[in-house]
Amino acid sequence: MAPLLAQSDLPGLNGFLGTRGSLMLDLVFLAMFAVVPVMAVSVALVKWGGRYQLHKRIQIVLAAVLLVAVTVFEVDIRIHGWRERAEPSPYYASGAVDRMLAVHLFFAIPTVLIWAYVVIAALRRFPHIPVPGPYSRRHKFWGWIAVVEMTMTAVTGWLFYWMAFAAN
């Protein structure tokens with residue numbers, strides 16, 4: 001097993017969770033613990049409460065927050081990388097970290113595209129104050145796919161984070 005590096009020896013801003021993760025890795029890791037339940041509440045508001053306007057507002061805020069967070073995260077990763085922080089992991093040398101990242105990206109990349117489609121199409125096809133209509137069935141179909149994809153993105157992201165940055 002590779003020796004642990006002091007966080008001060010690692011590139012970028014250090015995180016606050018006590019792992020080898022960077023600040024942005026820690027923020028995105030924690031943010032997903034909020035995104036998934038908020039998304040579930042938003043869906044429940046429509047399914048069992050008919051609160052279409054509140055659902056719309058929550059989804060727009062989630063989409064905007066995630067767009068900013070993922071953009072800043074990607075810039076940070078492109079500048080500072082992540083591999084040096086992951087190398088001390090017992091899962092790094094075997095390639096398990098890279099395989100987990102591939103599984104995560106298998107969900108994360110389509111999630112961005114699907115969620116963008118769901119939000120943009122809803123903004124175009126529902127009235128300003130949303131109510132059920134001809135587009136509702138398609139929106140519901142793609143919305144549930146987006147929920148599953150986002151949940152799997154979060155779960156695989158958490159597993160990747162643990163394997164790469166928390167495991168000793």
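Quick notes on this one:
- The 3J(HN,Hα) values that the Karplus relation (6.51, -1.76, 1.60; θ = phi - 60°) gives for segment 143-149 are, in residue order, x, 5, 4, 4, 5, 4, 4 Hz. Gly and Pro appear as x.
- Farthest toward positive dipole pole in segment 1-154 [+1 Lys/Arg, -1 Asp/Glu at C-beta], among His55, Thr19, Val103: His55
- Since only Phe141, Phe126, Met163 are under comparison, the one whose Cα sits farthest along the positive direction of the charge dipole of the chain, derived from C-beta charges on Lys, Arg, Asp and Glu, is Phe126.
- Charged side chains reduced to their Cβ positions (Lys and Arg at +1, Asp and Glu at -1) give segment 21-166 a dipole of some 920 debye around its Cα centre.
- Model label sites at Asn168 and Phe16, defined 7 Å from Cα along the beta-carbon direction, differ in position by 2.2 nm.
- From least to most packed, judged by other beta carbons within 10 angstrom and beginning with the fewest, Leu27, Leu113, Leu54 follow the order Leu113, Leu54, Leu27.
- Whole-percent P(r), segment 21-166, all Cα pairs, 5 Å bins from 0: 2, 9, 17, 21, 17, 12, 9, 6, 4, 2, 0.
- On the beta carbon distance between Glu74 and Val131, with R0 = 35 Å, the FRET formula returns roughly 0.45.
- Close amide H contacts of Asn14 (hydrogens built in the peptide plane, cut-off under 5 Å, sequence separation of 5 or more or a different chain): Leu23.
Each reported figure results from applying straightforward, stated rules to the coordinates on display, with no laboratory input. Only a predicted model underlies this, so the values are computations on that prediction, with no experimental measurement involved. Neighbour counts are summed over all protein chains in view; Cβ atoms, including those assigned to glycine, are modelled from backbone coordinates with ideal geometry.
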